[in-house]
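Laboratory data are not the source of any read-out in this text; all were calculated from the coordinates shown. The shown structure was predicted, so the numbers you read here are calculated from the model rather than taken from an experiment. Please note: Cβ atoms are built from the backbone with ideal geometry, for glycine as well, and neighbour counts cover all protein chains shown.
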Amino acid sequence: MQITAVEGLGAEITDVDIKSLSDAEFAAIEDAFAEHGVIFFRDQDTTETDHIAFAERFGDINVNRFFAAHPDYPQIALVAKEPDQKDNIGGGWHTDHSYDHEPALGSVLVARELPESGGDTMFASMYKAYESLPDDLKARIEGRSAIHSGKHIFGEGPDSYYKTSDAGEHDEGTGRIGNADVAATLVDPEHPIVITHPLSGKKALYVNPAFTREIVGISKEESEELLSDLYTHVFTGHDFHHRFKWEPGSIAMWDNRSTWHWALNDYQGQRRIMHRITIEGCALDA
Ligand SMILES: [Fe+2]
């Protein structure tokens, strides 16, 4: 087994079969995951049960509340888009589950059916985003925290993604995202803006454009300006981005606490079917 860092962030793990990992190989994979934030495998021949078994080595599975599930394996969420559907799931920079008090550790995404072209996933390193922040921006977020929410995405509100996209469960929707009533019951958490990563001990920037709502203890205007400055830093930090091109048999596993991702929606008229398993995480400290 070989672990090779790739451009921007992440590591590709080769000469390995995730179905038959020794304990030593698995330990090395866990270390690579903590250090690089996202790990990539190629040419893996896996069934749904292989996918579940691999994910379970990292921890308990989080059964997704909002995504349609695989008909036979509720642990597997479907991240799908059919040729006649317009909107995709995850089509902007974000990290999953920051709207939870104990955000999920990460996800293992397996490519099941790919478009002929397009459908790449972008990743960004929140370790490197934090390290490269200008000192004045670091000073502005020192000791601060922010409120996160999933209601405006998954809830019933008129502007939510659930209501406005064709992924939602409504008259023009396809039901790829559902359970909006559960979104309404979420209690929005407050997380430090800079976290100490629970696996690596490194500092990571922990706000994201999809789910972070406002910074605590400053005015709404100041909060918007500061979040915008932080996001611009990440959007333009091309040296800590990686564009992952999916192939049959590809698997990516990302860490929600140290990366962002963005599923590009540039394959209209084609089918893309991915299977996602998400692993439970923990509360995050400064
Ligand atoms: Fe996502």
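What the table shows:
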item	result
Listed residues Thr185, Phe240, Ile277: farthest to the positive end of the dipole of the chain (Cβ charges)	Phe240
GluC sites (Glu not before Pro) restricted to region 1-82 and DSSP loop, no more than 13 other C-beta within 10 Å	Glu7
Selection from Ile18, Pro71, Thr47 lying farthest towards where the dipole of region 1-72 points positive, charges on Cβ	Pro71
Förster radius 41 Å - calculated FRET efficiency between Glu56 and Glu172, Cβ distance, rounded to 0.05	0.65
The chain, relative contact order in percent, only Cα pairs under 8 angstrom and at least six apart counted	37
Set of lysines near Lys128 by C-alpha distance (under 16 Å), chain-local residues within fewer than 8 positions excluded	Lys138, Lys202, Lys203
Dipole magnitude of region 19-83 about its Cα centre (Cβ charges: Lys, Arg +1; Asp, Glu -1), debye to nearest 20	300
Overall form of region 151-286 per C-alpha gyration tensor (a/c, 1.5; a/b vs b/c)	oblate
Dipole of region 150-286, positive direction: furthest Cα of Ser250, Ile218, Pro158, with charges on the beta-carbon	Ser250
Structure-based [θ]222 nm, the chain - -39500 (n - 2.57) summed over DSSP H runs of at least 4, per residue, nearest 500	-6000 deg cm²/dmol
Global geometry of region 35-102, whether rounded, prolate or oblate, following the gyration tensor of its Cα atoms and the 1.5 cut on a/c	rounded
About the Cα centre, charge dipole magnitude for the chain (Lys/Arg +1, Asp/Glu -1 at Cβ), debye	200
Cα shape, region 107-207, gyration tensor, a/c 1.5 rule	oblate
Per-pair calculated FRET efficiency, R0 = 45 Å: Ala139 and Ala24 via Cβ, rounded to 0.05	0.55
Spread of Cα-to-Cα distances over 10 Å intervals beginning at zero, given as percent, for region 1-79	16, 44, 33, 7
Semi-axes of the equivalent ellipsoid for the chain, Cα gyration tensor, largest first, Å	28, 25, 17
Mean projected area (nm²) of the alpha-carbon convex hull when region 54-157 is viewed from all directions	10.0
Dipole moment magnitude, nearest 20 debye, region 1-148 about Cα centre, only Lys, Arg, Asp, Glu C-beta charged	560
Within region 158-231, GluC sites (Glu not before Pro) in DSSP loop having at most 14 other beta-carbon neighbours inside 10 Å	Glu172
